[in-house]
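*Asks:* Handing you this structure, nothing more for now.
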Amino acid sequence: MLQVGINGYGTIGKRVADAVAAQPDMAVCGVAKASPDFGAEGAVRRDYPLYAALEDRLPSFREAGFDPAGTSKELIEESDIVVDATPGGIGAENLTRYKAADTPAILQGKEDDALVETSFNARSNFEKAVDADYVRVVSCNTTGISRLVTPLEEAYGVEKVRATLVRRGGDPDQTGRGPINDILPDPVTVPSHHGPDVRTILPDLEIDTMGLKVPATLMHMHSLNIELSEEPDTDEVCELLEGESRIFVVDGDMAIDGTGKLREYARDYGRPRGDLWENCVWGDSINVEGSELYMFQAIHQESDVIPENVDAIRAMTGLASREESMALTDEALGIGLPEPRGRSKIASPAP
Ligand code: NAD
């Protein structure tokens, strides 16, 4: 059983820990946190050995009634591989510690691609991470775009992607980012940095992106125009996307009119934390005119990168091939939501 340490147990770290614990071929050997807050209590409740991020934090954990197993230094030494889910910039600092301990590690989206051997998305470039020691799982937005573009590229060829990313202002627990009531071009410079980040996964892709931030916490929304090399019909594209386990084509009959209802659906469905690991593409928005494909997709920023971290672990350690790993991860987490009943409606002739 592969022993996985999680360094940084916040929004991403706690979800990665639960996803790792659900897999048949890996186990959580411990989680490290900076402060002994409610998150630490959650880790103990799940029986994850708890470590203090740094030596000088140990007393505060003990004063709060926890019995830490040590510091992240020990966790790094005991782990076969570490998933670093610390806030942006700290992963880069930690990298020297992973290298000193000769422990392979996965960094997250905020860290620089230049730090690692490869950036990673399971559907797009799993093979690049095989046997690598230091890998970066790309951001939630880059994950969402890479997952969508890869099957389109394989099926029809992609000439150019133009994407407007309407981004949530903060995660639900990021009270420090609000309250806010505004719409910000962010970044105001065009095109935004998101396109170059997608090229860390798909280096040859022509892509321009623009970013906005809005006062929302639930999900991001992408407005996409993708110029294809061929001219498939709309129905064909719907079918292609439905065939992707990590893309959920939302049927019009479900009356899901926004991200609020999407998250409510996930909660009703029994998803842990109401998570949506899949890209959520509105079926009714998929439209091909000539070679131009249009659609809206919502991305659950807190969870779409979680299965990717699990697959990156398998790629780096040689536990499984891409197909095997993605299938195993999907099965263990329960990824894949019922596909639309309404596709027949999209296909039917206009009245
Ligand atoms: P977070 O702030 O929710 O969690 C970070 C955790 O790390 C906290 O528990 C904090 O106590 C802990 N920590 C701080 N310093 C530490 C240290 N020195 N050692 C160990 N632990 C430490 O952050 P997050 O949202 O989970 O983001 C983590 C990474 O994942 C970032 O690179 C971020 O860009 C990326 N990411 C975040 C999201 C998102 O929407 N939240 C989506 C995709 C990727």
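*Asks:* Could you check region 1-47 and list, in sequence order, the residues that are near the ligand (Cβ under 9 Å from one of its atoms) and at positive phi?
*Replies:* The answer is Gly8, and nothing else.
*Asks:* In region 75-90, which residues are without any contact (Cβ under 8 Å) to a residue 40 or more places away in the chain and either of a type in the set (S, T, N, Q) or within 12 Å of the ligand (Cβ to nearest atom) (or both)?
*Replies:* The answer is Gly88, Gly89.
*Asks:* A further question on this structure: Within region 181-189, does at least one residue satisfy the condition of being assigned by TED's automatic domain parsing to the domain that holds Gly283, more than 26 Å from Pro338 (Cβ to Cβ), in contact with a His (Cβ under 9 Å, 6 or more places away or on another chain) and surrounded by fewer than 20 Cβ atoms within 10 Å (Cβ to Cβ)?
*Replies:* Yes - at least one qualifying residue is present in region 181-189.
*Asks:* Still on this structure, please answer the following. Among strands (runs of 3 or more DSSP E) lying entirely in region 93-193, which contain 1 or more residues that are among the hydrophobic types (A, V, I, L, M, F, W, C) and away from the ligand (no atom under 15 Å from the Cβ)?
*Replies:* Values: elements: 105-107, 118-120, 134-137, 158-168.
Ranges flagged: 158-168.
*Asks:* Continuing with this model, one more query. Given the structure, is Pro59 more than 15 Å from the ligand (Cβ to nearest atom), without any contact (Cβ under 8 Å) to a residue 60 or more places away in the chain and out of contact with any His (no Cβ under 8 Å at 6 or more places or on another chain)?
*Replies:* yes
*Asks:* What is the one condition in (1) closer than 21 Å to Glu339 by Cα; (2) outside any helix (DSSP H, G or I); (3) touching a Leu at 6+ places or on another chain (Cβ under 9 Å) that Gly211 does not satisfy?
*Replies:* Going through the list (1) closer than 21 Å to Glu339 by Cα; (2) outside any helix (DSSP H, G or I); (3) touching a Leu at 6+ places or on another chain (Cβ under 9 Å), Gly211 breaks only (1).
*Asks:* Condition (residue is touching a residue at least 60 places away in the same chain (Cβ under 8 Å), crowded, with 20+ Cβ neighbours inside 10 Å and over 25 Å from Val138 (Cβ atoms)) applied to region 230-249: is it met by at least one residue?
*Replies:* yes
*Asks:* Another question, then. Mind checking which residues of region 19-40 are of a type in the set (D, E, K, R) and part of a strand (DSSP E or B)?
*Replies:* Passing the criteria: only Lys33.
*Asks:* While we're here: Tell me which residues, restricted to region 1-18, are touching a residue at least 40 places away in the same chain (Cβ under 8 Å) and in a loop (DSSP other than H, G, I, E, B).
*Replies:* Those that are touching a residue at least 40 places away in the same chain (Cβ under 8 Å) and in a loop (DSSP other than H, G, I, E, B): Gly8, Tyr9, Gly10.
*Asks:* Further question on the same structure: Just one of Glu264, Glu323 is outside the structural domain of Pro172 (by TED's automatic domain parsing), in a helix (DSSP H, G or I), surrounded by fewer than 22 Cβ atoms within 10 Å (Cβ to Cβ) and more than 16 Å from the ligand (Cβ to nearest atom); which is it?
*Replies:* Glu323
*Asks:* When you go through (1) away from the ligand (no atom under 15 Å from the Cβ); (2) touching an Asp or Glu at 6+ places or on another chain (Cβ under 8 Å); (3) hydroxyl-bearing (Ser, Thr, Tyr) one by one for Ser303, which number turns out not to apply?
*Replies:* Every listed condition holds for Ser303 apart from (1).
*Asks:* With the requirement that a residue be outside any loop (DSSP other than H, G, I, E, B) and either outside the structural domain of Phe38 (by TED's automatic domain parsing) or surrounded by fewer than 17 Cβ atoms within 10 Å (Cβ to Cβ) (or both), what does region 75-91 give you?
*Replies:* Result: Glu77, single match.
*Asks:* Could you please find all residues in region 132-162 being over 18 Å from the mean Cα position of the chain (by Cα) and among the aliphatic types (A, V, I, L, M)?
*Replies:* The answer is Ala132, Leu152, Ala155, Val158, Val161.
*Asks:* I'd like the full set of residues that are closer than 24 Å to Val137 by Cβ and over 26 Å from the mean Cα position of the chain (by Cα), limited to region 55-73.
*Replies:* The answer is Lys73, and nothing else.
*Asks:* Then there's this: Looking at region 50-74 only, could you name the residues that are surrounded by fewer than 19 Cβ atoms within 10 Å (Cβ to Cβ) and not in a helix (DSSP H, G or I)?
*Replies:* Leu54, Ala64, Gly65, Phe66, Asp67, Ala69, Gly70, Thr71
*Asks:* Taking the residues in region 230-261 that are part of a loop (DSSP other than H, G, I, E, B) and out of contact with any helix residue (DSSP H, G or I) (no Cβ under 6 Å at 6 or more places or on another chain) as candidates, determine which candidate is nearest to Ala332 (Cα to Cα).
*Replies:* Gly243
The values are calculated or read from the model by the stated rules, or taken from the named source; none is laboratory data. Model, not experiment: these values are computed from the prediction. Here Cβ is always computed from backbone atoms with ideal geometry, including for glycine, and neighbour counts include all displayed protein chains.
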